[in-house]
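Asks: Here it is, the structure, as structure tokens.
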Amino acid sequence: MKVTVETPATVANLGCGFDCFGLALPVYNTITLEETIMPGSGIEINILDNDSDNIPRDKNNIVYKAIELLYNYIGQTPAELKINIKTGIPVARGMGSSASVIVGGLIAANELLGHPADNDVLLSIATEIEGHPDNVTPAFFGGMTIAEVEDTGSVTYRKLPWPKNWKITMCIPDFELATDISRSVLPDNVPMKDAIYNLRRSAMFVEAVYTQDEDLMKLAMTDRLHQPYRMKLVPGLNSIMEGLKHTEGVLGCTLAGAGPSIAIISNGKNIDEINEIVETNWNNINVNSIIHTYTIEDKGARKI
Ligand code: HSE
């Protein structure tokens with residue numbers, strides 16, 4: 001039996017919602033799982049369309065680790081399995097490529113095993129492997145999501161009604177930034193006033209989405225919990241944010257997840273000027289980039 005699952009890219013945090021908010025984009029990774037017929041053939045992992053040496057092809061691969069946890073959940077261990085990973089999502093750019101393959105692998109393995117786990121179990125395994133729920137949740141369910149994790153590992157999430165005309169411009173630089181490096185610069189503790197700042201803004205953010213309130217969104221998309229510390233890892237981020245502060249149509253400009261990509265939320269009316277501001281700022285410091293504007297992906301992971 002062979003199962004293929006396509007899973008979208010995601011942008012986590014969206015400014016104030018560190019480790020909580022995320023949304024899905026119409027860019028995909030595809031995972032194909034195949035039970036190999038030959039006994040003793042073991043685990044084979046192929047990464048198609050990506051020759052990066054940084055992606056493990058053995059049992060250290062995160063897709064394998066996620067699948068192994070699902071097998072363990074039903075008291076088994078994967079024995080003979082071929083895993084093909086086709087990567088359409090740029091790696092180490094803050095677009096949730098790891099969350100995408102974790103979720104895709106779990107859904108495909110669950111299908112192969114005859115659906116022993118429900119979505120709650122799969123989401124909690126995905127969160128355990130990823131370490132936070134903000135990418136895996138929208139990768140799984142699509143749209144814009146808010147998610148939290150209990151001490152038991154169980155994840156509660158809700159999908160918010162993202163306004164159809166709010167666009168996401170992804171500015172992807174030509175350098176990588178690993179999430180663990182980007183998390184290593186964060187402090188263990190933050191000042192109370194900064195925690196309050198983000199708490200207030202994340203409440204405003206949710207209200208802005210529900211009421212499609214652009215002015216409120218402009219106020220809500222700022223952050224003091226992670227971006228100030230990560231600024232030094234992404235050359236040009238500060239000047240791009242400053243350059244877009246008063247640009248018509250821009251509702252917010254944030255680091256995409258742990259970076260280094262930048263995500264700009266807008267009402268879609270001024271995309272050319274947004275692109276030009278980003279390009280000019282990055283060109284000035286010799287950073288090449290790909291810039292693309294998307295509408296949100298609302299369906300999430302699916303079998304194809
Ligand atoms: N919330 C996570 C972070 C997303 O900012 O580190 C990383 O994928």
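Asks: Which one of the conditions (1) assigned to a strand (DSSP E or B); (2) open to solvent by 10 Å² or more (accessible area, probe 1.4 Å); (3) within 15 Å of the ligand (Cβ to nearest atom) does A147 fail to meet, given that it meets all the rest?
Replies: (2)
Asks: Determine if the range 152-173 includes at least one residue that is under 24 Å from T30 (Cβ atoms) and among the polar types (S, T, N, Q).
Replies: no
Asks: Within the bounds of the range 151-166, is there any residue that is open to solvent by less than 40 Å² (accessible area, probe 1.4 Å), farther than 19 Å from Y64 by Cα and either in contact with a Phe, Trp or Tyr (Cβ under 9 Å, 6 or more places away or on another chain) or in a helix (DSSP H, G or I) (or both)?
Replies: Among the residues of the range 151-166, at least one is open to solvent by less than 40 Å² (accessible area, probe 1.4 Å), farther than 19 Å from Y64 by Cα and either in contact with a Phe, Trp or Tyr (Cβ under 9 Å, 6 or more places away or on another chain) or in a helix (DSSP H, G or I) (or both), which makes the answer yes.
The values are calculated or read from the model by the stated rules, or taken from the named source; none is laboratory data. Here the structure is a predicted model, which is why all the values come from computation and not from measurement. Note that each Cβ is placed from the backbone with ideal geometry, even for glycine, and that neighbours are counted across all protein chains shown. For the accessible areas, the whole protein counts, side chains as well, though only heavy atoms, and no ligand, DNA or RNA atoms are used. Shrake-Rupley method; radii C 1.70, N 1.55, O 1.52, S 1.80 Å.
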